[in-house]
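As structure tokens, the structure follows; a few thoughts come after it.
The values are calculated or read from the model by the stated rules, or taken from the named source; none is laboratory data. Here the structure is a predicted model, which means the values were calculated and not measured. Please note: Cβ atoms are built from the backbone with ideal geometry, for glycine as well, and neighbour counts cover all protein chains shown. Heavy atoms of the whole protein, side chains included, go into the accessibility calculation; ligands, DNA and RNA do not. Shrake-Rupley method; radii C 1.70, N 1.55, O 1.52, S 1.80 Å.
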Amino acid sequence: MHRQPLAAERAPEQGSAVVDFVLVMVLLVPIVLGIVQTGLVLHVRNTVTAAGSDGARAGARFGAGPEDAAERARELIATALADSFARNVSAREATFDGVPTIEVQVAAEVPALGLLGPGVKLHVDGHAVKEVVP
């Protein structure tokens, strides 16, 4: 015959699931938020790097210049991310090992806690060999 446990026998176990849940969430939530933040920073860095490189290639075409390079980089960043990331874009003509190039510099800041808090500063450069008349 099966007997029912008394209420006094069940009492120590009641509510333990809530405590276990809270203890696990205290550890799990910061880990998940850290992974999401790392993904956000990497996404912004990769997007800004690609925009800088593509902007440099746009400015390196024959007849184009640094202004075209900076404008292309700003356009790509604003389209993929937001206008706030495209504020600090500059381009210039440079020479590397005697070769004329276009250099695009992008500085951006990714907020450390999603949209709040101090930021992670990113600085990337894009280079392309300038086309010249032979």
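Taking only protein heavy atoms and a 1.4 Å probe, the accessible area of the chain is 63% carbon and sulfur. Under the shape rule built on the C-alpha gyration tensor, where the axes satisfy a ≥ b ≥ c, the stretch 76-134 is prolate, since a/c reaches at least 1.5 and a/b is greater than b/c. In percent, rounded to a whole number, the relative contact order of the chain is 22, using alpha-carbon pairs under 8 Å and six or more apart.
If you build the Cα gyration tensor of the stretch 41-96 and take the root of 5 times each eigenvalue, what three semi-axes come out, in whole angstrom, biggest first? Don't skip to the answer; put the middle values down first.
Details: eigenvalues 82, 24, 17 Å².
Values for the stretch 41-96, descending: 20, 11, 9 Å.
Site pair Val29 and Phe62 shows an inter-label distance of 6.2 nm when each label is modelled 7 Å from Cα along Cα→Cβ.
Could you give the length gained by full extension between Ser90 and Asn46, i.e. 0.36 nm per residue of separation minus their alpha carbon distance, to one decimal place? Could the numbers behind the result be given before it?
On the way: separation 44, 0.36 × 44 = 15.84 nm, distance 1.78 nm.
That works out to 14.1 nm of additional length.
Of the trypsin sites (Lys or Arg not before Pro) in the stretch 8-89, the ones in a loop by DSSP (not H, G, I, E or B) with at most 14 other beta carbons within 10 Å are Arg61, Arg87. In a DSSP loop and with at most 13 other Cβ atoms within 10 Å, the chymotrypsin sites (Phe, Trp or Tyr not before Pro) in the stretch 36-120 are Phe62.
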